[in-house]
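This report refers to the structure that appears directly beneath it.
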Number of protein chains: 2
Amino acid sequence: MAEASSKAEHLVGVDLGGTKILAGVFTSSLKIIGRSKMSTKAERGTSSVIERIARCVQDAVDECDLSLKQIKGIGIGAPGSVDPENGRVMFAGNLDWKDVGLRKELEKQLEVPVFLGNDCNICTLGVHEVELEAKPKNMIGVFLGTGIGGGLILDGKMFTGHNRTAGEVGHMVLEVNGPKCTCGNRGCWEAFASRSALFRQIQQAVKDGQKTVLTEMLGNDLKDLRSGDLRKAIKQGDKFVEHIVEEAAKYTGIAVANLINIIGPEVVVIGGGLMDALENEMLSVIVECAREHAFPGSDKGVKILASKLGDDAGITGGAVLARKETK
Amino acid sequence: MAEASSKAEHLVGVDLGGTKILAGVFTSSLKIIGRSKMSTKAERGTSSVIERIARCVQDAVDECDLSLKQIKGIGIGAPGSVDPENGRVMFAGNLDWKDVGLRKELEKQLEVPVFLGNDCNICTLGVHEVELEAKPKNMIGVFLGTGIGGGLILDGKMFTGHNRTAGEVGHMVLEVNGPKCTCGNRGCWEAFASRSALFRQIQQAVKDGQKTVLTEMLGNDLKDLRSGDLRKAIKQGDKFVEHIVEEAAKYTGIAVANLINIIGPEVVVIGGGLMDALENEMLSVIVECAREHAFPGSDKGVKILASKLGDDAGITGGAVLARKETK
């Protein structure tokens with residue numbers, strides 16, 4: 001037994017975000033056995049963040065009474081564009097990273113093989129492998145959080161396209177003259193249905209004199225507003241918040257219909273923090289609106305589901321990637 | 001020589017449309033050596049149309065001094081949804097067809113193997129094989145005609161997705177509260193940039209008193225309006241028509257950016273009758289607008305081209321399909 005357990009058979013998944021780092025330790029059959037969390041502190045610079053990732057991994061491994069020698073591989077989902085072959089993060093806006101050799105640095109510090117992918121692609125991989133028993137050949141994952149991103153599984157494999165940017169669904173224009181998006185364009189899906197978009201709309205309306213229970217809960221500046229607060233407000237009968245969330249769900253449904261028309265998936269899974277908090281309020285509207293807008297025949301038998309993985313999608317996908325790559 | 005030429009080595013491609021049938025005879029190296037054209041006369045019913053397809057193929061073959069015995073295979077692009085495995089057209093709105101066993105019927109009449117695909121998928125196949133020397137692994141074909149359709153080549157192969165409807169790009173919503181589309185939704189790409197959309201806008205404006213050289217050319221009802229007339233009007237300095245065409249090109253550019261963001265192709269090729277007639281007026285606007293709207297990094301090195309195949313895209317793709325399937 002002692003001999004078996006000292007073998008490198010466990011996997012670590014890491015979700016590297018702009019504000020926090022999550023690490024999870026998984027068995028070879030992808031059961032999670034421990035985790036840790038750390039703030040990213042991107043402002044301290046690249047090497048500090050890499051050192052924090054290493055520390056977060058070590059903490060999670062230690063939490064499970066394991067040592068790094070028992071880890072077969074580490075899979076990391078990083079925000080932005082990633083070069084998996086060379087293990088580099090090419091560009092990550094919210095980390096202020098440009099062409100960072102993340103794999104090499106981490107492998108030096110941890111002495112475990114490291115594998116990289118784009119965060120939303122990795123989340124999609126996690127959902128596909130762990131959540132969908134039927135393992136659909138063609139699947140789209142979309143994640144509603146601070147922004148909106150996605151990933152594609154086509155013909156049973158992760159599909160990243162020519163510049164490894166496939167699945168950059170959040171900047172799909174849904175309304176040519178719509179609200180300004182952070183990317184510089186107007187009317188992107190992200191400008192209608194990301195957490196930031198919802199919060200911006202709510203904060204603006206409150207400034208303009210809109211009444212909402214949110215200000216009773218959090219004060220007029222709504223500084224600490226979180227996705228869960230929207231759910232609470234709706235439960236308390238706040239029609240204004242309900243309407244804002246419903247509109248976001250409608251736009252999301254239209255975006256999902258566009259994706260179904262273009263790609264023809266068997267399953268669309270919707271995850272991310274916003275969806276996690278507001279599944280009951282959003283999913284049925286999304287599904288109805290997607291079916292209404294899908295081209296006749298293209299959504300036949302297509303499942304539109306909410307992910308149950310929540311915050312674990314990224315670390316799970318990281319572990320799936322590590323398992324795939326070390327097989 | 002006589003012996004060699006009697007071998008079944010030629011290919012026939014057929015483009016079955018709502019108003020006309022085109023057939024082309026190709027050598028095994030995909031050089032076109034003859035063609036024929038016939039009106040579809042869909043109103044006469046299914047078996048009449050199938051009989052006309054057979055006649056059109058025979059005419060083209062005869063035109064080349066060949067016999068059907070020298071044809072290795074016939075590839076057909078049909079409008080609507082197609083079941084290639086069973087050789088059936090499942091649904092074709094503008095032919096008023098539902099579940100028609102086209103392959104079986106044609107094979108009975110012509111005694112040559114017949115292969116089917118969706119028309120825009122087949123056009124994409126033709127463009128990929130004959131027009132793009134680099135044979136990009138990931139490519140999108142879009143076709144601006146009466147409607148707007150598309151096809152995907154992913155990982156070097158035609159990709160049709162779960163319901164064989166992938167590439168149904170024309171009904172991508174670009175403006176949630178935009179103009180009504182024939183599909184019942186609002187603001188689809190097709191409602192902004194198809195030939196029908198342009199003609200409808202022009203005819204409505206003329207009714208509302210808009211002056212244009214088109215009415216001088218064709219009379220006030222604009223009954224015989226064709227894509228080429230728009231080009232002529234623009235050449236004569238008609239700012240109204242120029243503006244209408246430019247707007248269609250802008251929406252097309254945004255749609256192309258959406259496709260690049262979502263799929264990450266290496267090449268986007270734009271074809272179809274409208275593009276064929278108005279390439280000089282539209283392409284540069286499309287490219288500029290697509291680059292402006294593509295997510296940073298996702299359009300790097302991505303080519304956006306106009307197809308030179310014009311009306312031959314469908315018959316060429318049909319021949320490519322027949323060659324692939326009889327190899």
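Can you sort A:Val127, B:Val285 so the residue with the fewest Cβ neighbours within 10 Å comes first?
With the fewest neighbours first, A:Val127, B:Val285 line up as B:Val285, A:Val127.
Diagonalise the Cα gyration tensor of the stretch A:134-307 and give the resulting equivalent ellipsoid semi-axes, square root of 5 times each eigenvalue, largest first, whole Å.
Working from the Cα gyration tensor, I get semi-axes of 30, 17, 14 Å.
Can you give the average number of partner chain beta-carbon atoms within 10 Å of each beta-carbon in peptide A:150-163, as a whole number?
Values: counts 2, 0, 4, 0, 7, 5, 0, 1, 0, 6, 2, 13, 16, 12.
Across the residues of A:150-163, the mean count of other-chain Cβ atoms within 10 Å is 5.
How far is helix A:313-326 tilted off the main Cα axis of chain A, in degrees rounded to 10, range 0 to 90?
40 degrees
Once the other residues with Cβ under 9 Å from the Cβ of A:Asp99 are scored (Lys, Arg +1; Asp, Glu -1), what is the net sum?
Its environment carries a net charge of +1.
Sort A:Cys56, A:Cys183 by Cβ crowding within 10 Å, fewest neighbours at the top.
A:Cys183, A:Cys56
What average number of partner chain Cβ atoms lie no more than 10 Å from the Cβ of the residues making up A:287-297?
4
Go through the stretch B:21-104 and name the chymotrypsin sites (Phe, Trp or Tyr not before Pro) that are in a DSSP coil and have 12 or fewer other Cβ atoms within 10 Å of their Cβ. If you can, show how the numbers build up before the last one.
On the way: sites: B:Phe26, B:Phe91, B:Trp97; in loops: none.
Hits after loop and neighbour filter: nothing returned.
Tell me, what ³J(HN,Hα) does each residue in the stretch A:268-281 have, in order and in whole Hz, if you take phi through Karplus 6.51 cos²θ - 1.76 cosθ + 1.60 with θ = phi - 60° and put x for Gly and Pro?
Listing the rounded values in order: 10, 10, 10, x, x, x, 5, 5, 4, 7, 10, 3, 4, 7 Hz.
Give me the extension gain from A:Met217 to A:Ser48: residue separation times 0.36 nm, minus the current Cα-Cα distance, reported in nm with one decimal.
57.2 nm
Given a Förster distance of 45 Å, report the FRET efficiency between A:Arg226 and A:Lys7 from their Cβ-Cβ distance, rounded to the nearest 0.05.
0.60
For chain B, what does the helix formula give at 222 nm: sum of -39500 (n - 2.57) over DSSP H segments with n ≥ 4, over the residue count, nearest 500 deg cm²/dmol?
On the way: 11 runs with 132 residues, N = 327.
The helix-only estimate for chain B comes to -12500 deg cm²/dmol at 222 nm.
Which ordering of B:Ile202, B:Ile74, A:Ile33 is given by a fewest-first count of other beta-carbon atoms within 10 Å?
Ascending number of Cβ neighbours within 10 Å: A:Ile33, B:Ile202, B:Ile74.
To make sure I understand the rule: partners must be lysines, Cα under 17 Å from the Cα of A:Lys223, and not fewer than 8 residues away in the same chain. Which ones qualify?
A:Lys207, A:Lys211, A:Lys232
With the Cα gyration tensor of chain A giving a ≥ b ≥ c as the square roots of its eigenvalues, does the rule (a/c under 1.5 for rounded; else a/b larger than b/c for prolate; else oblate) give rounded, prolate or oblate?
Prolate shape, in that a/c is at least 1.5 and a/b is the bigger ratio.
Where the only charges are on Cβ atoms (+1 Lys, Arg; -1 Asp, Glu), what is the dipole of the stretch A:123-249 about its Cα centre, to the nearest 20 debye?
Numbers: 16 positive and 16 negative charges, 35 e Å.
Here the size comes out at about 160 debye.
Would you mind putting A:288-299, B:265-276 in packing order, based on average other-beta-carbon counts within 10 Å, highest first?
Put in order of decreasing packing, that is B:265-276, A:288-299.
To the nearest whole number, what is the average tally of beta carbon atoms from other chains within 10 Å of the beta carbons of peptide B:253-261?
5
First select every other residue whose beta carbon is under 15 angstrom from the beta carbon of B:Lys300; then total the charges, Lys and Arg +1, Asp and Glu -1. Let's see the in-between values first.
Details: positive: A:Lys98, A:Arg164, B:Arg291, B:Lys303; negative: A:Asp83, A:Asp99, A:Glu168, B:Glu266, B:Glu292, B:Asp299.
Here the count lands on -2.
Distance cut-off 19 Å, Cα to Cα: go down the list B:Lys157/B:Lys327; A:Lys137/B:Lys98; B:Lys7/B:Lys327; A:Lys31/A:Lys324; B:Lys250/B:Lys303 and report the pairs above it.
Violating the 19 Å limit, Cα to Cα: A:Lys137/B:Lys98.
Taking 7 Å along the Cα-to-C-beta vector as the label spot, tell me the A:Ala205-A:Glu292 distance in nanometres, rounded to one decimal.
Taking the simple label geometry, A:Ala205 and A:Glu292 are separated by 1.8 nm.
No lab work stands behind these numbers, since they all come straight from the coordinates. These numbers come from a predicted model, not from an experiment. Because the Cβ atoms are built from the backbone with ideal geometry, glycine has one as well, and the counts that use them run over all protein chains shown.
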